[in-house]
Amino acid sequence: MTDKTTATIATTGDAMHSMFTGKYHYANGKRKTAIARVRIYETGKNEIVVNGKPYQDYFKVGTLFGLVTSPLKLAGLEKYAITAKVVGGGVTAQADAVRHGIAKALAEMNPEQRTTLKQADQLTRDSRKVQRKLPGHRKARKMQQWVKR
């Protein structure tokens, strides 16, 4: 049985970030239409919380776990407490946005790690988006069928 007051505080706005206390480093991560606001706390106990839930509960697919933690493995970080507030996009885009935000926050936290993260292509935003539907087309690229006779 959960306490309703802590559940509502944990899911509303910036109160969600107050799960951990102390000094933190902040960064935004983006992918398609997903935006992640990530905070890495300097004192922590190996915990990643996304929208008030542990990241294993939020991202249910096992391949996304490695995607989210890949910047931490590159940086060799043992003790961490990370909170992320993610809006927009799908689950995969949200996981990639969290990864991008963690990498940017790690680069801000420790400038020596920036070259390692940059060489592993963790700091580069994947800017690909869905092409819009064009007039006269059925979808973005699909045209109406043309008949000669």
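Throughout, read-outs are computed from the coordinates displayed, never taken from laboratory work. Model, not experiment: these values are computed from the prediction. Methodologically, a virtual Cβ is constructed for each residue, glycine included, from the backbone with ideal geometry; neighbour enumeration extends over all protein chains shown.
Listed here are the pairs Lys23/Lys53; Lys32/Lys85; Lys23/Lys79; Lys23/Lys104; Lys73/Lys118; Lys32/Lys60; which of them are more than 18 Å apart at the Cα?
Lys23/Lys53; Lys32/Lys60
Taking loop as defined by DSSP and a crowding limit of 10 other beta carbons within 10 Å, which GluC sites (Glu not before Pro) in the stretch 28-120 fit? Each step should come with its number before you reach the end.
Numbers: sites: Glu42, Glu47, Glu78, Glu108, Glu112; in loops: Glu42, Glu78.
Loop-located and lightly packed - Glu78.
What shape does the stretch 25-87 have by the C-alpha gyration tensor, where a ≥ b ≥ c are the square roots of the eigenvalues, rounded means a/c under 1.5, and otherwise prolate means a/b greater than b/c and oblate the rest?
Values: a/c = 1.42, a/b = 1.22, b/c = 1.16.
Cα axes put the stretch 25-87 in the rounded bin.
Starting at the first residue of the stretch 27-44, write each ³J(HN,Hα) from the Karplus equation 6.51 cos²θ - 1.76 cosθ + 1.60 with θ = phi - 60°, in whole Hz, x for Gly and Pro.
Per residue, the Karplus-derived 3J(HN,Hα) values read 7, 9, x, 9, 7, 6, 10, 8, 10, 10, 9, 10, 10, 10, 8, 6, 10, x Hz.
State, as an integer percentage, the relative contact order of the stretch 4-119 based on alpha-carbon contacts under 8 Å between residues 6 or more apart.
Numbers: 214 pairs, mean separation 38.7, N = 116.
Over the stretch 4-119, the number comes to 33 percent.
For the chain, what proportion of DSSP beta bridges, expressed in % and rounded to the nearest 5, is antiparallel?
Values: 18 of 22 bridges.
Counting DSSP beta bridges with both partners in the chain, the antiparallel share is about 80 percent.
Projected onto the charge dipole of the chain (+1 at Lys/Arg Cβ, -1 at Asp/Glu Cβ, origin at the Cα centre), which of Tyr41, Gly136, Asn28 gives the Cα projection farthest towards the positive end?
Gly136
With N set to the residue count of the chain, report its C-alpha Rg divided by 2.2 N^0.38 Å to two decimal places. If you can, show how the numbers build up before the last one.
Working: Rg = 19.0 Å, N = 149, 2.2 N^0.38 = 14.7 Å.
Against the compact-globule rule of thumb, the ratio is 1.29.
For the peptides 21-32, 128-139, what is the packing order when you average, over each peptide's residues, the other Cβ atoms within 10 Å and list the highest mean first?
Numbers: 21-32: 16.5, 128-139: 9.2.
Going by the mean number of other Cβ atoms within 10 Å, highest first, we get 21-32, 128-139.
Express in nm, to one decimal, how much length is gained between Ala140 and Lys23 on full extension, taking 0.36 nm for each residue of separation and deducting their alpha carbon distance. Don't jump to the answer; show the numbers that get you there.
Numbers: separation 117, 0.36 × 117 = 42.12 nm, distance 4.61 nm.
Answer, rounded to one decimal: 37.5 nm.
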